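Scroll down for the structure; my scribbles are underneath it.
The values are calculated or read from the model by the stated rules, or taken from the named source; none is laboratory data. Keep in mind that this is a model prediction, so the values were computed, not measured. Cβ atoms come from the backbone with ideal geometry, glycine included; neighbour counts cover every protein chain shown.
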Amino acid sequence: MTRQRGFTLVELIVVMVVVGVIAGVMVLQIRPAMQSYLAVRQRANLTSQADAALRRIIAEVHAAVPNSLRYTWASQQAQCIEFVPTSDGGRFRTDIDTTNGKGNPLVPGAATQKFDVLTDLASTSLQGDLVVVGNVNRDDAYDPAKVGTIDTVDGQSLDGTTVLAQHTINLKTATTFPAGYEGGRFVVVPHSERAVTYTCTNPGLDANGTGTGTIYRVTGYTPGTTPWKACPTGPAILVSKVSDCNILYHESEGATQQSGYLQLRLGLADGGEAARLTMGAHVENVP
């Protein structure tokens, strides 16, 4: 008969102790690397969120009605920017066609109920949308008396083979656009977003190192003719866990504020990890 051999209890205990020591050493070596990896991933995620938020704000400001940006500093815990967004635009006829005396011009300072568009529109489904012309004074774009409301958009206008207009915009009521503008451009404002406000509130850190602030995108309201005194909030959150935010807007001197510079600083923090970005953009304010 052959004798069967196995591990003794003492050998098994020794092996378990040795494996435990090796595992402990490996954990001590690997743990810092894993923690570093998780921290880097968390900071990268925070940086990506901050970058996306800042880029969205700047993209919308660039597409807004020229000279419509308004800035409110209520306190370090509440600050906001407001602007009028656009969905389309083009050039309008400023005088009748000299060859045949036809056409529907838009003359700032005179009541207008329809006018010819000399460029093509991206869409003709604009009923209820608004028309802004020559926002030389910033608050004109917010004044209902100085903004037209679109009723219908007619197609191409011809005089024989001559194209008089690509479209004709008919307004619901005769509108007197502000006088003094000769640029011949108009912009269309969607009726669903008469204005947009980005508000940053309550930036800071809690006991766990997580940001306490929030940036809201507020829209769907009827704007006032003067800037906000208290920044609004709403259900739409652009980004949360805000530890630091600062908005600075500088504009040149003069009635039209022909250029400006918007600087945004945003810091996000989560569980002790943080990321902070600063982004700036030139704002063209020429109508």
Practice prompt. Would you be able to say whether some residue in segment 203-215 is at pLDDT below 95, among the β-branched types (Val, Ile, Thr), in the same structural domain as Glu273 (by TED's automatic domain parsing) and part of a loop (DSSP other than H, G, I, E, B)?
Written response: no
Worksheet item: Which condition does Gly180 not pass, out of (1) in contact with a Phe, Trp or Tyr (Cβ under 9 Å, 6 or more places away or on another chain); (2) assigned to a loop (DSSP other than H, G, I, E, B), if it passes all the others?
Response: (1)
Response to the item:
Quick count over segment 119-167, residues being in a helix (DSSP H, G or I) and touching a residue at least 40 places away in the same chain (Cβ under 8 Å), is 4
Worksheet item: Among the residues of segment 233-246, is any touching a Lys or Arg at 6+ places or on another chain (Cβ under 7 Å) and not assigned by TED's automatic domain parsing to the domain that holds Asn67?
Response: no
Worksheet item: Quick check: anything in segment 150-164 in contact with a Ser or Thr (Cβ under 8 Å, 6 or more places away or on another chain), assigned by TED's automatic domain parsing to the domain that holds Asp95, surrounded by fewer than 16 Cβ atoms within 10 Å (Cβ to Cβ) and under 25 Å from Thr222 (Cβ atoms)?
Response: no
Worksheet, complete the sentence: Within segment 80-96, restricting to residues that are touching a strand residue (DSSP E or B) at 6+ places or on another chain (Cβ under 6 Å) and farther than 27 Å from Ile58 by Cβ, the one that is surrounded by the most Cβ atoms within 10 Å (Cβ to Cβ) is Phe92
Worksheet item: Can Asp51 be described as under 20 Å from Gly213 (Cβ atoms) and either in contact (Cβ under 8 Å) with a residue 40 or more places away in the chain or surrounded by 14 or more Cβ atoms within 10 Å (Cβ to Cβ) (or both)?
Response: yes
Item to complete: For Asn246, state whether it is among the polar types (S, T, N, Q), loosely packed, with under 15 Cβ neighbours inside 10 Å and in contact with a strand residue (DSSP E or B) (Cβ under 6 Å, 6 or more places away or on another chain).
Response: no
Worksheet entry | Filter result for Val196 (in contact (Cβ under 8 Å) with a residue 12 or more places away in the chain, surrounded by 16 or more Cβ atoms within 10 Å (Cβ to Cβ) and within 30 Å of Asn246 (Cβ to Cβ)) | yes
